[in-house]
Amino acid sequence: MNRVETTSFMLMSVDGKISTGDNDSMDVDKDFPQIPGAAKGLHQYYELEQQTDLYSLNTGRVMAKIGINNKTNPPEKHAVSFILIDNEPNLTEQGLQYLSDWLKKVFIVTTSSKHPATKLNLPNIEVIKYSEQIDFLALFTQLKQKYGIEKMTVQSGGTMNSILIRQGLIDHLSIVVAPVIVGGKNTATLVDGESLHSTAELAKIKPLKLVSIKQLENSYLHLRYDVVN
């Protein structure tokens, strides 16, 4: 494989929701501990998260949502590196400084010529710039060929998941299913993005090959699949 090998690792409800509601104030990390039946077994997701790859892809929007821009005292230096997609941009100079102090390395992938990362002289932050639209196949190839990254965990939102899955850039799924049903047609799911509109687009639907099902404690499940690309 010429590109980095990817695993999408996510926590979702039984009905596929990765959030508890339709706005940024609703969040499973914050809200699941308050839900009876979900709180007790939630630690298993975080324990599995500690076993994921040393490179993790996420978005600047998710970082902003969890409050990275407002944090000033990073924990002990982490061996993990982040690849962050941030076109808006959502990250601020303060948030980038926090990430730099916390993580081994940070790659900012952006189409913004004014991203605050371009103003900072931080040795462990590297900006990968695209002019109009990010070419994810080229990016994933560059991550392996130039930076030597063999494997990467993807922990992003439903829209980004949709883009990567439909482009055949997700190789494996590692899904922790919490024993709750959230509901809500506007609540983010594991894969969102544009709906398909005709049978001509059926090739965008990716079949899966089951690797394992593990019953965890407190009615949680851990599902692992290979994506048939």
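None of the figures in this text is laboratory data; all of them are computed from the coordinates on show. Given the structure is predicted, the values throughout are model-derived calculations rather than measurements. Cβ atoms come from the backbone with ideal geometry, glycine included; neighbour counts cover every protein chain shown.
Tabulated data
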item: Helix-only [θ]222 nm of the chain, DSSP H runs n ≥ 4, -39500 (n - 2.57) each, per residue, nearest 500; result: -5500 deg cm²/dmol
item: The chain, relative contact order [Cα under 8 Å, separation at least 6], %; result: 30
item: Cα centroid separation, the stretch 185-212 to the stretch 50-113 (Å); result: 28
item: Relative contact order [Cα under 8 Å, 6+ residues apart], the stretch 53-154, whole percent; result: 29
item: FRET efficiency estimate (nearest 0.05) - Cβ-Cβ, LYS119 to ASN229, R0 30 angstrom; result: 0.20
item: Gyration tensor (alpha-carbon) shape descriptor, the stretch 1-122, a/c threshold 1.5; result: prolate
item: Point-charge dipole on Cβ atoms (K/R +1, D/E -1) for the stretch 53-154, about Cα centre, debye to 20; result: 100
item: Loop sites in the stretch 180-216: trypsin sites (Lys or Arg not before Pro), DSSP, at most 13 other Cβ within 10 Å; result: LYS185
item: For the chain, built as a Gaussian network whose Cα springs stay under 10 Å, the top-fluctuating residue of SER212, SER131, SER112; result: SER131
item: Within the stretch 119-223: Cβ-based charge dipole about Cα centre, in debye rounded to nearest 20 (Lys, Arg +1; Asp, Glu -1); result: 140
item: Only Lys, Arg (+1) and Asp, Glu (-1) charged, at Cβ; the chain dipole about Cα centre in debye; result: 320
item: Amide hydrogen neighbours beyond the local backbone of GLU5, cut-off 5 Å, H modeled; result: LYS151, MET152
item: 5 angstrom amide H check on ILE128, placed H, neighbours 5+ away; result: ILE108, VAL109, THR110
